[in-house]
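Chemist: Before I ask anything, let me first share the structure, which is written out below as structure tokens.
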Amino acid sequence: MSATELRRYICETFDGVEVLENLGDAFFIYDPERILPPTRRLPFATIVAGDHYDSVSGLDRPGAYRVNIGLTKATYVRRFGSPPTRRDADGVLDTGYDHAAVDTVVPHPHYASQYWVSVVNPGPATLDTVREMLAEAHALAARKYARWRARRTGADGGRPA
């Protein structure tokens with residue numbers, strides 16, 4: 001699946017998604033009413049198509065991209081155990097995984113400690129898993145949004161103050 005196809009899948013499959021772009025990368029935000037303040041606009045998934053933020057995944061290869069997905073703590077720990085905390089001089093977490101491996105789910109090189117995973121060029125070995133993880137990440141983002149919205153909605157059911 002190409003990065004364009006995965007982007008289309010996310011936008012067509014999940015409701016309330018807004019896509020923010022930067023340097024050719026896509027950041028998927030759950031904000032169905034488009035009312036989140038900038039400090040709350042955190043993605044539940046991203047597609048990174050270049051080495052703009054790090055080079056650990058070798059995204060300078062033709063057609064290479066990395067999908068990054070934020071999971072629940074329970075799912076992350078079930079799959080990988082406790083998240084890593086030790087970083088190298090470049091800020092890359094010591095996960096014990098090859099972040100450039102293709103079609104392999106690995107802890108995110110920078111955000112594994114926040115329960116993020118990544119996959120370079122998802123394919124036959126990981127595509128079903130990636131879809132399941134995206135569904136979980138979207139559901140988690142929707143729950144967070146609903147909690148935020150409920151805290152800010154007035155008694156009359158109006159828009160957040």
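Rule-based calculations on the coordinates, nothing more; no lab input. The structure presented is a predicted model; accordingly, all values stated were derived computationally and were not measured. As a convention, Cβ positions derive from the backbone with ideal geometry for all residues, glycine included, and neighbour counts pool all protein chains shown.
Chemist: Which net charge results when you count Lys and Arg as +1 and Asp and Glu as -1 among the other residues whose beta-carbon is under 15 Å from that of Leu71? Write out the running numbers ahead of the final one.
Modeler: Working: positive: Lys73, Arg78, Arg79, Arg131, Arg143, Lys144; negative: Glu132, Glu136.
Net charge around Leu71: +4.
Chemist: With n ≥ 4 as the cut-off for DSSP H runs, can you work out [θ] at 222 nm for the chain, using -39500 (n - 2.57) per run divided by the number of residues, rounded to the nearest 500? List each step's numbers first, then the result.
Modeler: Details: 3 runs with 45 residues, N = 161.
It comes out at -9000 deg cm²/dmol, rounded to the nearest 500.
Chemist: Now for a different question. Let me know the charge dipole size of the stretch 3-152 about its Cα centre in debye, to the nearest 20, where only the beta-carbon of Lys, Arg (+1) and Asp, Glu (-1) is charged. Kindly include the intermediate steps, with their values, before the conclusion.
Modeler: On the way: 19 positive and 19 negative charges, 187 e Å.
It comes to approximately 900 debye.
Chemist: Now a separate question. Calculated from the structure, Cα extents along the principal axes in Å equals which of [x] 52, 32, 28; [y] 37, 33, 30; [z] 48, 38, 29?
Modeler: [x]
Chemist: Place a point 7 Å from the Cα of Asp103 along the Cα-to-Cβ direction; which residues of the stretch 1-43 have their backbone N under 19 Å from it?
Modeler: It comes to 1-7, nothing else.
Chemist: The stretch 9-97: which trypsin sites (Lys or Arg not before Pro) are DSSP loop and have at most 11 other beta-carbon atoms within 10 angstrom? Spell out each step's value before the answer.
Modeler: On the way: sites: Arg34, Arg40, Arg41, Arg66, Lys73, Arg78, Arg79, Arg86, Arg87; in loops: Arg34, Arg41, Arg86.
Here the sparse-neighbourhood loop sites are Arg34, Arg86.
Chemist: Per residue of the stretch 120-134, what does 6.51 cos²θ - 1.76 cosθ + 1.60 with θ = phi - 60° give for ³J(HN,Hα)? Whole Hz please, x for Gly and Pro, Karplus curve as stated.
Modeler: These are the phi-based 3J(HN,Hα) values: 7, 6, x, x, x, 6, 10, 4, 5, 5, 4, 4, 5, 5, 4 Hz.
Chemist: Could I ask something else about it? If Lys and Arg each add +1 and Asp and Glu each add -1, what is the summed charge of the other residues whose beta carbon sits under 14 Å from the beta carbon of Pro109?
Modeler: Working: positive: Arg66, Arg86, Arg87; negative: Asp51, Asp54, Asp88, Asp90, Asp94, Asp98.
Neighbourhood net charge equals -3.
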